[in-house]
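So that we are looking at the same thing, I have put the structure below in structure tokens.
Values in this text are rule-based calculations from the coordinates and carry no lab data. The shown structure was predicted, so the numbers you read here are calculated from the model rather than taken from an experiment. Note that we place each Cβ from the backbone using ideal geometry, even for glycine, and neighbour counts take in every protein chain shown.
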């Protein structure tokens with residue numbers, strides 16, 4: 001049987017510092033065939049030049065700076081794969097990430113979405129912070145409902161829709177909730193396959209405390225409220241429960 | 001009595017060039033049972049694919065790049081063996097390496113560590129360098145206080161601790177000295193059982209001055225520790 005093409009979409013805004021490592025971790029995947037699409041969200045640093053060095057192995061498209069959800073959607077609209085994966089420019093994949101997820105799709109033809117576990121790691125300059133979080137839940141292996149862990153059939157984006165471009169933050173959580181509400185078949189792999197880099201400029205958490213910053217808190221409340229409202233609407237007042245796997249093993 | 005399981009840990013960072021030879025030298029060991037753990041320190045070359053070709057014969061672990069010491073520690077944490085050995089990706093073991101060392105442990109139940117001698121060899125492209133060093137000490141068999149030459153009881157890592165991931169060069173020297181300070185019982189066997197490949201990109205060559213600095217630093221720490229201990233005994 002011919003193997004399915006996976007499109008790997010990397011939205012990036014001024015990500016020259018770590019983008020090379022992210023792309024290398026895609027190129028090091030044991031799974032083939034893949035296509036890599038970098039969607040540049042209007043970067044003003046050396047992102048374009050960095051991508052150019054990868055030649056034909058990476059496609060580069062650019063948009064005006066309008067945020068990550070728009071960039072992800074632009075990637076989706078040009079993707080040629082039967083399956084879609086995303087990686088943020090500061091994070092890394094385990095070399096077997098796609099292979100192990102694809103094996104699940106091959107074993108379960110009804111599967112729509114597969115996510116994995118993830119773990120945070122700290123840049124060497126934040127060693128002190130890392131040490132503080134050593135025995136903290138934040139540094140543990142966690143179920144990853146984020147785009148970096150996602151491998152999804154392309155067709156699911158037609159039924160669930162794309163990422164909500166009216167949100168600057170929280171759009172992935174919104175997408176996963178909508179997927180759950182609409183009965184998408186989701187599997188959470190127990191494997192740790194994504195590494196999320198903690199540095200000085202993470203978008204949604206504050207350096208030092210690693211608490212959600214106020215704009216992220218608001219975004220999350222907003223997303224959750226919208227989901228509860230939708231689930232009430234079809235269930236006479238009490239929100240319909242969601243079927244989303246959350247535990248390991 | 002069933003022979004004890006030995007975990008062979010291979011830390012690797014972008015090592016596709018020599019990795020296969022290293023793994024084959026483990027598989028060629030006359031000793032069994034063994035488990036082989038490849039601890040990938042964030043490689044972006046074909047390391048993962050190369051390891052996958054070995055199928056069930058190897059266990060593959062991955063971490064974002066954090067250095068050899070951290071990769072060795074990852075391997076130790078996952079190891080199931082009663083004994084632990086390490087092999088650097090560009091080095092080779094003699095087929096009898098584990099068997100000879102295990103037999104020492106069978107004779108001496110008090111033993112914690114066994115190391116052997118190491119012979120350097122040069123890649124063909126560095127023939128001239130090899131020629132220049134022909135009568136030099138580094139062309140002779142050397143006592144191998146390095147992880148490649150080590151076979152250790154797993155329990156010793158609970159006593160001595162793991163490798164210090166903050167060190168990039170002197171992590172193994174630091175570990176061996178800590179082991180001595182803890183009174184670990186060590187035997188150095190005269191046999192040459194490890195071959196260490198010298199090539200253009202040996203880590204200690206690439207960053208010779210950073211490496212010297214780190215060695216000085218750990219020597220100082222070790223001496224301070226010993227002074228403190230001596231003082232507290234008085």
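Report the Cα centroid-to-centroid distance between region A:19-88 and region A:106-175 in angstrom, as an integer.
17 Å
Now a separate question. Looking at region B:6-233, I'd like the Rg to Rh ratio, where Rg is from alpha-carbon atoms and Rh is Kirkwood's inverse mean 1/r.
Ratio of gyration radius to Kirkwood radius for region B:6-233: 0.95.
Which whole number of Å³ per residue matches the convex hull of the alpha-carbon atoms in region B:136-223?
126 Å³
How would you rank A:117, A:136, going from fewest to most other Cβ atoms within 10 Å of each one's own Cβ?
A:136, A:117
Something else: Counting each DSSP H run of 4 or more residues in chain A as -39500 (n - 2.57), what helix-only mean residue ellipticity at 222 nm follows after dividing by all residues, to the nearest 500 deg cm²/dmol? Please list the in-between numbers first.
Details: 8 runs with 82 residues, N = 249.
Rounded to the nearest 500, the figure is -9500 deg cm²/dmol.
From the C-alpha gyration tensor of region A:35-156, pull out the three semi-axes of the equivalent ellipsoid (sqrt of 5λ each), sorted largest to smallest, in whole Å.
They are 26, 23, 13 Å, listed largest first.
Based on the Kirkwood radius over alpha-carbon pairs, what value in µm²/s does the Stokes-Einstein equation return for the translational diffusion coefficient of region A:84-138 at 4 °C and 1.567 mPa s?
93 µm²/s
While we're here: Most exposed first by the Cβ proxy, i.e. fewest other Cβ within 10 Å, how do A:138, B:105 rank?
Least crowded to most crowded, the residues run A:138, B:105.
On to the next question. Between residue A:229 and residue A:66, what FRET efficiency comes out of the Förster formula 1/(1 + (r/R0)^6) with R0 = 30 Å and r the beta carbon distance, rounded to 0.05?
Calculated value: 0.70.
Here is a follow-up. With a 10 Å cut-off between alpha carbons and a GNM built on chain A, which of A:173, A:128, A:102 moves the most?
In the Gaussian network model the winner is A:128.
Quick one: of the DSSP bridges fully inside region B:6-233, what percent are antiparallel, nearest 5?
Bridges in region B:6-233 are about 25 percent antiparallel.
Could you list B:226, A:210 so that the one with the fewest beta carbons within 10 Å of its beta carbon is first and the one with the most is last?
Numbers: B:226 12, A:210 18.
Ascending Cβ contact count within 10 Å gives the list B:226, A:210.
I've got another one for you. On average, how many beta carbons from a partner chain sit within 10 Å of the beta carbon of a residue in B:42-49? Numbers along the way, then the final one.
Working: counts 9, 4, 10, 4, 4, 3, 7, 8.
Partner-chain Cβ atoms within 10 Å, mean over residues of B:42-49: 6.
Estimate the FRET efficiency between residue B:121 and residue B:78 by the formula 1/(1 + (r/R0)^6), using the beta-carbon distance for r and 30 Å for R0, to the nearest 0.05.
Calculated value: 0.45.
Rank-order B:33-43, A:231-241 by packing density, defined as the average count of other C-beta atoms within 10 Å over each peptide's residues, highest first.
Ranked by mean Cβ neighbours within 10 Å, highest first: B:33-43, A:231-241.
With chain A treated as a Gaussian network of Cα nodes joined by springs under 10 Å, which of A:123, A:61, A:186 yields the largest mean-square fluctuation?
Between A:123, A:61, A:186, it is A:123 that shows the largest mean-square fluctuation.
When the Debye formula is applied to the Cα atoms of the protein assembly as shown, each taken as the same point scatterer, what base-10 log of I(q)/I(0) results at q = 0.08, 0.09, 0.12 Å⁻¹?
So the normalised log intensities work out to -0.59, -0.72, -1.12.
May I pose another question? Using every Cα-Cα pair within region A:95-249, state what percent have a distance larger than 24 Å.
41 percent
Further, regarding this structure: Have a look at the DSSP beta bridges in the protein assembly as shown and tell me what percent are antiparallel, nearest 5.
30 percent
Can you compute the FRET efficiency between residue A:135 and residue A:236 using 1/(1 + (r/R0)^6), with r the Cβ-Cβ distance and R0 = 35 Å? Round to the nearest 0.05.
Between residue A:135 and residue A:236 the formula returns 0.20.
Would you mind getting the Kirkwood hydrodynamic radius of region B:80-131 from its Cα pairs, rounded to one decimal in Å?
Working: mean 1/r = 0.0735 Å⁻¹.
It is 13.6 Å.
Hey, another quick one. Tell me the mean residue ellipticity at 222 nm calculated for chain B from its helices only (DSSP H runs of n ≥ 4, each -39500 (n - 2.57), averaged over every residue, nearest 500). All intermediate terms of the calculation are to be shown ahead of the outcome.
Working: 9 runs with 92 residues, N = 234.
It lands at -11500 deg cm²/dmol.
Could I ask something else about it? According to a simple spin-label model (label point 7 Å from Cα along Cα-to-Cβ), what is the distance in nm between residue B:209 and residue B:108?
Result: 4.2 nm between the two label points.
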